[in-house]
Structure formats: C-alpha cells, structure tokens
Amino acid sequence: MKKPIVLFILIAFLAVTFGFAQTPITINPSTTKHGPENGSLIIIGGGAVTPDIWAKFTELAGGAEKASIVVITAASGDSAAFDTKSVEMLKRETKIKNVTLLHTKNLSEANSEKFIEPLKKATGVFFVGGRQWRIADSYLNTLTHQAFFDVLKRGGVIAGTSAGASIQGSFLWRGDTSGPQILIGDHTQGLGFLKNSAIDQHFLKRNRQFDLVQLIKISPQLIGIAIDESTAILVQKDTLEVLGKSYIAIYDYNTIVGNGPKHTNGDKEDYSASNGPFFFLGLGQKYDLGSRTVIKTKPNK
C-alpha cells in the first residue's frame, strides 16, 4: 500500500522541480478591500452594450487613437480562435484601431512569453461572453493571468460582458461545465480582478434576483453583485458606479441578515437602506465597496 503513495509524492516533487506544475501568480497586499489599486474595471451584465459604456471604455483605454486593446475570446469556445466578429464589433463601436484577438485553451501556451506579448503594450482588455469556466481553464495562474493584472497596474482598463463579467470576480459564480443553472459548480475560482466577490449577470432579464443570497449569507467576506443586461459597473479602487440603462443589485451580509442601514423618516429617501436581502442601484449611483455603503448621490432620471 505504501508504494503508490511514495510514487505520487515523487511525481509531485518532480513536477514542481522541473516546472511541470502551474506557477501561481503573484498577488501583493492591497490597500483596497475589493477593487483594483490601479486601473479600472468595467463589468457588463450582457446584452447590447450601450454607447455610454463603450465611451467610458474607450476613454479609460487612452482614447480611440492611442488605445491598444486585446480581446479575449476563450469563453466563446474553440471557433472563436478564427472568428473576428468580436474584434470588428469593438472597432466599430469604439473607433479604436489597434485591436488584437488573443485565444487559447492551452495552459502551456498561456504560460509563454510569446503569447503574452500583445498584453505587454495593452491599455485595455475585453472579455467576450460565453461560458466563464472556459476562461478559467485557459488562463488561471498563468503568465497571461499575471499580464492581465499588469494592465491594471499600468492604469489600464479591463472590461467584460456576461461570462466576461463573472470571471472578473474571485469566486466564480455559475462556473459549472454542465450549465449555468448550477450556481456553485466544478469551477469556483475566478480571475479575481474584483477581490472577495461573486458576480452574476443577465439577472433581471433572466429572473435571477435571489440566486446570490444564500452564497453571501454563508460567505460574509464576499460582496455579491448582480448586473442586468445593457448595464455595467465601473470600479476604480473601492468606488463602484452604475453605467448603462438598467439596474444592478448589491448583496451584502449585513443587509441580508437585517443589520444594514434602516429607512429614515425624513423627507429624503435613503438610497442606502433596504428591508430585503439585496438592493438596487441605477444609472449614476455610486457605492463604496470599502465601507459597503451607498454614496449619497441622486440617481439620474
């Protein structure tokens, strides 16, 4: 009975010694609770991307003339390696000329210096929709994963829609290979651009309002964010702002268990208060992820 155990330990030792194992990326201590220290995240709930979301992405990437964008198509499957429609769509909507498609499902390729060359000069990254577990299978803990973080470190922007939204969280929501109806599946690690978070998408369109409640109830350290179609959140440091035309929902442990802020009896409505397990924010509203409180600004009409 001892021989198989000894053989397993020997194989593991050789894998680490000679570089067969994946090397985890470097995560430095952060001064922010959830958002990136540098750069920006634009996390889109799927559906048609509105002009204001595209405009903000273009601005944060350096403008149409100076931006250098890498489009990540892994979520769409193998055919996306040869399908340039995502690149053409991004060029059309943003007028950005320098756009490169990057695709692999091979961890060894994603772990190579040659593969990440376009990312070394990128001012922005865009993750297309599909299935989020495919992105995890292609890039987790590789040089490419580290290069994504380096884009943020240089002050760039990372955006993604649908699956490209959920993958930005640290806990990968709806990551099961058998289908998105399984909330906690066989893939649970996201790329972690938004730390200590779980992100859902299409949530009003597909009636997913209550899906994140139980996860946050048993995982108080996580912030849950659900984003409807044609809607996005812009995250810079620990400040979140809503873009687009619909709503997002915030799932915070204290709100869920009834310890959140209460409605006031004054003349002005308190947008940070909720009597339910989540609350909505709309266009122009802001949220402090550090203190987990709504920043008191009137929503746009």
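Values quoted throughout were computed directly from the atomic coordinates according to the rules given, and no laboratory measurement underlies them. Note that this is a predicted model, so its numbers are computed, not measured.
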Kirkwood-Stokes translational diffusion coefficient of the stretch 125-256, alpha-carbon pairs, 4 °C, 1.567 mPa s, µm²/s: 88
Could you tell me what % of all Cα pairs in the chain have separations over 37 Å? 16
Amide H contacts under 5 Å for Leu101, placed H, 5+ residues apart: Val71
If you take every DSSP beta bridge fully contained in the chain, what fraction is antiparallel? Give it as a percent rounded to 5. 50
Would you mind checking which residues have amide H under 5 Å from Ile223's amide H? H placed 1.01 Å from N; only 5 or more apart, or other chain. Ser197, Ala198
Residue by residue through the stretch 95-111, the couplings from Karplus 6.51 cos²θ - 1.76 cosθ + 1.60 with θ = phi - 60°, in Hz, x for Gly and Pro, are 6, 6, 8, 8, 10, 10, 8, 10, 8, 7, 10, 10, 4, 5, 5, 5, 9
Relative contact order for the chain, counting Cα pairs under 8 Å that sit 6 or more residues apart, in percent: 19
